[in-house]
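Here is the structure we will look at.
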Amino acid sequence: MLPTDDEATGARKLAANKMPPYAHALTERDAWSIAAYVRALQLSDSGSVQDVPPEQRARLEELKAQMPPPAPTGATGATGTTGATQGGTR
């Protein structure tokens, strides 16, 4: 179950135990905006391409076809962002 918006903004205040506080940088409105943004991302995760209107779905498929293939990961040889291989040499 997802946290309520009140719980999410409360969690932001408790997060100071794990990371530096941002009270100096975030207004109350900013905090609520962030909570709403995170909620929208959580809800969008359960969507599918079938939720997209048909007239826009074709455009998504065109854009998807133009995207480069995903980078290799895991045992296929990905080296991470530094480019270093196991053992620290390139």
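At-a-glance table
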read-out: Only listed residue being at pLDDT 80 or above and out of contact with any strand residue (DSSP E or B) (no Cβ under 8 Å at 6 or more places or on another chain), chosen from D30, D5; value: D30
read-out: When residues of segment 30-60 are limited to those that are outside any loop (DSSP other than H, G, I, E, B), charged (D, E, K, R) and surrounded by fewer than 10 Cβ atoms within 10 Å (Cβ to Cβ), the one farthest from the chain's Cα centre (by Cα); value: E55
read-out: Condition check for Q86: out of contact with any strand residue (DSSP E or B) (no Cβ under 9 Å at 6 or more places or on another chain) and at pLDDT 85 or above; value: no
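The values are calculated or read from the model by the stated rules, or taken from the named source; none is laboratory data. Computed from a predicted model, the values in this text were never measured in an experiment. Methodologically, a virtual Cβ is constructed for each residue, glycine included, from the backbone with ideal geometry; neighbour enumeration extends over all protein chains shown.
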